Amino acid sequence: MTCDPRHALSEKDGALCIEQVPLNQIASQFGTPCYVYSAATLRTQYQQLAQALSPMNARIHYSVKANSNLSILALFKDLGAGFDIVSGGELSRVLTVGGDPADVIFSGVGKSVEEIDLALKVGIGCFNVESHGELSRIEARAQLAQVRAPVSIRVNPNVDAKTHPYISTGLKSNKFGVDAASALTLYGHAASSRTLYITGVDCHIGSQIADDGPLLEALDSILELVDSLEERGISLEHINLGGGFGVRYQDEVAMDLDAYGARLQQRLGSRSNLLCVEPGRSLTANAGLLLTQVEYLKTAQDGSKGFAVVDAAMNDLLRPSLYQAWHDVVVVNPPDKTTLAQTWDIVGPICESSDFLAKDRQLSLDEESLIAILSSGAYGMSLASNYNTRGRAAEVLVDGTEVKCIRRRETIQDQLRFELPL
């Protein structure tokens, strides 16, 4: 049995617990598959980042796409976070938990007319603009609504974040942002507009960044642009450096936030701009796990690796199939010591060979085993789907000894209610 304080896991009276609640109790009460989150870990991760940035004039905007459950959003709001969103739906979630729209940054390359109109109506803090067409659309909708739209230009500094290509966003080959020369043109347009006002500059180069070198390189590029704008009489209220701070899934080196904060302070010096960051994964990934029950064990006659077929699948946790992501696997209720460990692939019941949660793991299993897939708090439930007409999992938040269902399990009736017979 593995105990890991990074995931708020500990052993109490022979039972594996998250905070002070046994995982087998949660499985019995809420069923499987089930996402389980530690409130203490969520708070700790936020407070560590806040402490690292405390010497500066800084603001944390939680990136809603990492985990958009209303209870998670409410927890971060109570800690003092603003929000980074990428859709009108995420904006509605923030508003539902009482988030201040003026503390919301709207990112994303494809904002629709309806999304822009909603954001203008409620008075969001800033649009991160990613193209000339988007700036023109925001200007037109603001003019129609007879309001002024706050804008920031997202700059693509062409910096390699040295991460998985699917989560790299700062290269010129990526769809995000504009180059510095284009940014100057867009700032000039915004400065001359009667319906736009400039609030800052934005940059986000990717996710799972362990070495702060690329982040600091991007900052240097952004500061050159800030200085060029100042020379043109355009002052910025904020500098937004995005998120992407790496976390440990296996044996990666996690981002040293304190060291990063110190280097940021050194580079920013006496600048008065508000520093904004947009963490998501770094706050939630290791705060969550996915509980799943073994259904069948398939072993080969030649003694090669077997398949542990569980009741969770790629529709519940897509990261391994999408990114070949690695998640640690813990057996919650190990079988007796006579059951030898062997090599297993942890697979789901979906009819795709890509339906796996983990491969080549040395585990002692039987057909009563309950398994925890760790580090599932980011891009787990938020990427879940109904593929194979499977209901999405329940979500549970643990806070000390308190256990609360924060999203009930989806039923077949939930799925069918949107469809109409011929």
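Values in this text are rule-based calculations from the coordinates and carry no lab data. For clarity, every value in this text was computed on a predicted model and none was experimentally measured. Cβ atoms come from the backbone with ideal geometry, glycine included; neighbour counts cover every protein chain shown.
With a Förster radius of 45 Å, plug the Cβ-Cβ distance of His189 and Gln415 into 1/(1 + (r/R0)^6) and report the FRET value to the nearest 0.05. Mind showing how you got there, number by number?
On the way: r = 46 Å, r/R0 = 1.02.
The formula returns an efficiency of 0.50 here.
Which value, in debye to the nearest 20, describes the size of the charge dipole of segment 100-279 about its Cα centre when Lys and Arg Cβ atoms bear +1, Asp and Glu Cβ atoms bear -1, and nothing else is charged? Walk me through the numbers on the way to the answer.
Details: 15 positive and 25 negative charges, 116 e Å.
Value, rounded to 20: 560 debye.
Answer with one residue from Cys203, Leu268, Leu229: the one whose Cα lies farthest towards the positive end of the charge dipole of segment 184-272, charges on Cβ with Lys, Arg +1 and Asp, Glu -1.
Leu229
Can you compute the charge dipole magnitude of segment 247-384 about its Cα centre, using +1 on each Lys and Arg Cβ and -1 on each Asp and Glu Cβ, nothing else charged? Give it in debye, rounded to the nearest 20. Don't skip to the end; give the middle numbers.
Values: 11 positive and 18 negative charges, 158 e Å.
The calculated dipole for segment 247-384 is roughly 760 debye.
Based on alpha-carbon positions alone, could you give the equivalent ellipsoid semi-axes of the chain from the gyration tensor, as √(5λ), descending, whole Å?
Numbers: eigenvalues 345, 108, 78 Å².
Each semi-axis is √(5λ); the values are 42, 23, 20 Å.
Report the one residue of Ala254, Asn67, His327 whose Cα lies farthest in the direction of the positive end of the charge dipole of the chain (charges on C-beta: Lys and Arg +1, Asp and Glu -1; origin at the Cα centre).
Selected residue: Asn67.
On the Cα set of segment 288-329, report Rg and Dmax in Å, please.
Cα-based Rg and Dmax for segment 288-329 come out at 12.2, 37 Å.
Treat each spin label as a single point 7 Å out from the Cα along the C-beta direction, and report the Leu422 to Ala254 distance in nm.
Output for this residue pair reads 5.5 nm.
Kindly identify segment 341-422 as rounded, prolate or oblate by the Cα gyration tensor criterion: order the square roots of the eigenvalues as a ≥ b ≥ c, call it rounded if a/c is under 1.5, otherwise compare a/b with b/c, prolate if a/b is larger, else oblate.
Oblate shape, in that a/c is at least 1.5 and b/c is the bigger or equal ratio.
Roughly how many debye, to the nearest 20, is the charge dipole of the chain about its Cα centre, given +1 on each Lys and Arg Cβ, -1 on each Asp and Glu Cβ, and no other charges? Please list the in-between numbers first.
Values: 36 positive and 51 negative charges, 167 e Å.
About 800 debye.
For segment 379-422, list residues with backbone N below 15 Å from a point placed 7 Å from the Cα of Glu352 toward its Cβ?
The answer is 380-392.
Expressed as cubic angstrom per residue, what is the convex hull volume of the alpha carbon set of segment 264-405?
Details: hull volume 26.1 nm³, N = 142.
Spelled out: Cα convex hull of segment 264-405, divided by residues, is 184 Å³.
So how do 228-235, 251-258 stack up, highest first, on mean other-Cβ count within 10 Å?
Numbers: 228-235: 12.2, 251-258: 14.1.
Top of the packing list down: 251-258, 228-235.
Which value does Rg/Rh take for segment 100-279 over its C-alpha atoms, Rh per Kirkwood?
Working: Rg = 16.3 Å, Rh = 16.8 Å.
That ratio is 0.97, to two decimals.
Rg/Rh for segment 111-159: what does it come to with C-alpha atoms and Rh from Kirkwood? Write out the running numbers ahead of the final one.
Working: Rg = 11.1 Å, Rh = 11.1 Å.
Answer for segment 111-159: 1.00.
Taking only Cα atoms, what is the 0 to 90° angle, nearest 10, from helix 257-268's long axis to the longest principal axis of the chain?
10
Given a Förster distance of 45 Å, report the FRET efficiency between Gln47 and Asp302 from their Cβ-Cβ distance, rounded to the nearest 0.05.
Numbers: r = 52 Å, r/R0 = 1.15.
Result of the calculation: an efficiency of 0.30.
Would you tally the net charge around Phe83, using a Cβ to Cβ cut-off of less than 12 Å, leaving Phe83 out, and scoring K and R as +1, D and E as -1?
Details: positive: Arg59, Lys65, Lys77, Arg93; negative: Asp84, Glu90, Asp100, Asp103, Glu278.
Every neighbour counted, the sum reads -1.
Restricting the calculation to Cα positions, tell me the Rg (one decimal) and the Dmax (whole number) of segment 208-328 in Å.
In Å, with Rg to one decimal and Dmax whole: 21.8, 75.
Could you work out the helix-only [θ] at 222 nm for the chain, with each DSSP H run of four or more residues adding -39,500 (n - 2.57) and the total divided by the number of residues, to the nearest 500 deg cm²/dmol?
Details: 12 runs with 124 residues, N = 422.
So the helix-based figure for the chain works out to -8500 deg cm²/dmol.
Sorted by packing (mean other beta-carbon atoms within 10 Å per residue), highest first, where do 309-317, 104-112, 135-143 land?
On the way: 309-317: 24.8, 104-112: 21.0, 135-143: 18.9.
Ranked by mean Cβ neighbours within 10 Å, highest first: 309-317, 104-112, 135-143.
So how far, in whole Å, is the C-alpha centre of segment 78-140 from the one of segment 310-347?
38
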